[in-house]
Structure formats: structure tokens, C-alpha cells
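Asker: Here you go, one structure.
Nothing in this text is a laboratory measurement; each read-out follows from the coordinates by a stated rule. The structure presented is a predicted model; accordingly, all values stated were derived computationally and were not measured. Here the Cβ positions follow ideal geometry from the backbone for every residue, glycine too, while neighbour counts run over all protein chains shown.
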Amino acid sequence: MLEELKVGVPVTAACQHVGISWASHQRAMDAGRDAEQLAERGEPLDERQELYRSYRADVDRARAEAVAIHVALVGQAAHGGKLVKEVIRRYRNDDGEMVTETEREYTRPDWRASKFLLSVSVAREEFSERHRASVEVTGAGGGPVEVVPAEVAIQTIAQRLQAVAATQAKQLPGGWDPPNDDDITDAELVDEGNVA
């Protein structure tokens, strides 16, 4: 499992691949953390606690090694300059001397690799798209959001709708009475007009 972690395999997949349940791994990591805290306080550890402490340290070290390797690769891509092609030509010149020419091609710097590295680790707050697009919800005047029970919210909305209906009724000539399908007996088109 540690060898898989060293190359960047996610912990869940590494556990699954070697037949360790995720729950067992987590219990061992928790026990290792507890043992480490005891050791930091100067308390003696029994053999089992030492094993858990060692397990946790090995897993953390393997994961850190994978991070270091892959960050270095991203850094190389960002800097460019890696040799990708080399052509060596040997031939005799006009004087009959053997001449060797070497042509090399290197990768170019890639700004996207730098952006990726900045956005996920080095300067996450400043460069991450996820962190840049944040939304803050506040209450009135920027204060805390007021939480009310659903019944109160529903009653408040109903009262507002009644107030809007009353305002609309006052604005229409003769008031407004919601139509009842039984009231409509006959209708005819008076004027089509121009519909824009």
C-alpha cells in the first residue's frame, strides 16, 4: 500500500487494492494520531501503540513523497527546458574530416502548469477559481441572517400576497373580483386591434 501511495494512488484505492478496509485504515490512523499525542506528552507507549504510530507516520510520509514528486513534475513543466528530442548527425565535410552536429529540442515553459500549482497549493487563496468565486449571504444591513420557522414564513408570504391583491384591486376601475368560471356565460371578440 505504501508503494502505491508513494506514486500518488489515492488512499481509498490503495487500501482497496491491497485488501485493507477503509474503516480499518481510518481506525489505525486515528490510533496512530492518539499514540503520537501521548508520545509528545512524554508518556510511554506500548508495542501496539508504537505500531499504530509507525503506521500513521509511514502513510503520511508516503503521501508526502508522492506530493513532492508530482509538484516537481509540475514545476518542470512550468519551467520547460526538458530535452525531448536529440538528433546527432555525422558526416564528412568537403575536406574529408568527420563532423558531428547535434540538434536538440526542449520543452517550452508552460504557464498553465504554474497556474495549476498556484491554485492548488502555493497560493490557493489568491489563485484558485473556486476560492475567488465566493458568495456571502447576510441579513438586512449586512447583519446575520434571521432564521424563522416555516409556519411563520408561510404566513408572512400569504399576508404579502393579500396586500398585493388589495393594491391591484384598487388600481383597476370598478375593483377586481376574481372570475368564477360559472359567471362567464357568453363572450365575443369586440376588437382585435394591432398586436405588436
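Asker: Could you say which residue among 35, 23 is of a type in the set (Gly, Ala, Ser) and in contact with an Asp or Glu (Cβ under 9 Å, 6 or more places away or on another chain)? Even if it seems obvious, please write down each step before you answer.
Answerer: Values: 23 fails: in contact with an Asp or Glu (Cβ under 9 Å, 6 or more places away or on another chain).
Of the residues listed, the single one that is of a type in the set (Gly, Ala, Ser) and in contact with an Asp or Glu (Cβ under 9 Å, 6 or more places away or on another chain) is 35.
Asker: Among the residues of the stretch 15-66, write down those that are of a type in the set (Phe, Trp, Tyr) and in contact with a Ser or Thr (Cβ under 9 Å, 6 or more places away or on another chain).
Answerer: Passing the criteria: only 22.
Asker: Looking at residue 42, is it in contact with a helix residue (DSSP H, G or I) (Cβ under 8 Å, 6 or more places away or on another chain) and on the phi > 0 side of the Ramachandran plot?
Answerer: no
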